[in-house]
């Protein structure tokens, strides 16, 4: 054990002093915060200049009230209207081809941002087109849809002999606040944003840790194999001690990263009075975090010792990384139905268990039986993976030249 700790100490100190590690330690949380906050800020940023929207109204009844509403409802910070509606053509007798041609010309000359086309049957089928060179600003579409819907509703009310004031009184604005209940039925403040953020952050942290330190583990083994350093190392310690030292050293390196990021997160939560997870959830998440990392570390060691070039290692580890992307991809479906059978089945697949259970714990706490069974599955899988990785490692670290075939690797596992 002393030799394994010596290897772990060397691996840790050798990597923790590198510029790449220090830059990653600081830049990774900055990048994560920037990618999470900046897009929201840009989306919510208000316009700073008036936009001109064209309008073609074949019904002859919508253009004028639409222009009035758009110019009156939305204002810039300087008090000017956010939108000015330019009526290109209106009336049942308009020539649609000529009107569209004129509107296209104005768009191409950047005189208008885009234009709406309301056909004569819009009051019946409510089909309205908005044409523009850029349709990425969804806020414009939402605002146009809201105003057109109100106009059509009022016109239909008038046609039925109803007072439009009654229609406005019946229009109720209501917000639904999501309140989470604990196992005891107590009320918890946990909206969609908080639940999703806590689940997503832990899954992303597990993904980043395994992807970065796992790649370091593979690269370390391949580098020592190619430089023939490993032959000197195994003359001083056994392959098992060497493998254990590498796993421990790079695990400590990864946990240093996570610990630093966790301190930043705790400081930020205390500063802003935000609590993402309760202590019990945090303890369980930590358990799955550590067990998941140990499982993947054994797999990465086996992958690194079985190949001879870094290109081959990247190809193999890329398949492992793809498996880690699965929980990220199913985060939204899991939020909608955390008790789905397919999600529970994935919880018992060892290579997916850490990330899936991390997701489920943050969304809705699984039963104690599920937690116990999945932890036992992970412990048995880690033991089996460590034994298998040790057997591959003992033979693979000294094998050079052509990469072993799957049959040879299976033979190492049986006879190691």
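The values are calculated or read from the model by the stated rules, or taken from the named source; none is laboratory data. Please read these numbers as outputs of a predicted model, since none were measured by experiment. Positions of Cβ are generated from backbone atoms using ideal geometry, with glycine treated the same way; all protein chains shown enter the neighbour counts.
So the values come out like this:
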{"quantity": "Subset of region 133-147 [surrounded by 13 or more Cβ atoms within 10 Å (Cβ to Cβ) and assigned to a loop (DSSP other than H, G, I, E, B)]", "calculated": "137"}
{"quantity": "Checking residue 219 against (1) at pLDDT 70 or above; (2) crowded, with 18+ Cβ neighbours inside 10 Å, the condition it does not meet", "calculated": "(2)"}
{"quantity": "Criterion violated by residue 366 - all others in (1) in a loop (DSSP other than H, G, I, E, B); (2) at pLDDT below 80 satisfied", "calculated": "(2)"}
{"quantity": "Hey, residue 333 in the same structural domain as residue 214 (by TED's automatic domain parsing), modelled with pLDDT of 80 or more and either in a helix (DSSP H, G or I) or within 21 Å of residue 287 (Cβ to Cβ) (or both) or not", "calculated": "no"}
{"quantity": "Test result for residue 194, assigned to a helix (DSSP H, G or I) and either modelled with pLDDT under 60 or not assigned by TED's automatic domain parsing to the domain that holds residue 285 (or both)", "calculated": "no"}
{"quantity": "Selected residue (criterion: modelled with the lowest pLDDT) from residues of region 300-312 that are surrounded by fewer than 23 Cβ atoms within 10 Å (Cβ to Cβ), in a helix (DSSP H, G or I) and in contact with a helix residue (DSSP H, G or I) (Cβ under 9 Å, 6 or more places away or on another chain)", "calculated": "310"}
{"quantity": "Candidates 18, 35, 28 - the one that is closer than 28 Å to residue 252 by Cβ, exposed (fewer than 10 other Cβ atoms within 10 Å of the Cβ) and at pLDDT below 80", "calculated": "35"}
{"quantity": "Qualifying position, being in the same structural domain as residue 378 (by TED's automatic domain parsing), surrounded by fewer than 17 Cβ atoms within 10 Å (Cβ to Cβ), modelled with pLDDT of 70 or more and in a loop (DSSP other than H, G, I, E, B), among 321, 325, 349", "calculated": "349"}
{"quantity": "Within region 15-30, tally of residues that are touching a helix residue (DSSP H, G or I) at 6+ places or on another chain (Cβ under 8 Å) and farther than 23 Å from residue 201 by Cα", "calculated": "2"}
{"quantity": "Check on residue 162, part of a loop (DSSP other than H, G, I, E, B) and modelled with pLDDT of 70 or more", "calculated": "yes"}
{"quantity": "Set 372, 377: member being within 30 Å of residue 283 (Cα to Cα), modelled with pLDDT of 70 or more and in contact with a helix residue (DSSP H, G or I) (Cβ under 8 Å, 6 or more places away or on another chain)", "calculated": "377"}
{"quantity": "Enumeration of residues in region 62-82 that are in contact (Cβ under 8 Å) with a residue 40 or more places away in the chain and either surrounded by 19 or more Cβ atoms within 10 Å (Cβ to Cβ) or in a helix (DSSP H, G or I) (or both)", "calculated": "62, 63, 65, 66, 69, 70, 73"}
{"quantity": "Residue match in region 91-106 (condition: at pLDDT below 85 and over 22 Å from residue 68 (Cα atoms))", "calculated": "yes"}
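Matching residues to (1) buried (at least 19 other Cβ atoms within 10 Å of the Cβ); (2) modelled with pLDDT of 75 or more; (3) out of contact with any helix residue (DSSP H, G or I) (no Cβ under 7 Å at 6 or more places or on another chain):
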position	(1), (2), (3)
198	yes, no, no
211	no, no, no
236	no, no, yes
239	yes, no, no
247	yes, yes, no
261	no, yes, no
272	no, no, yes
279	no, no, yes
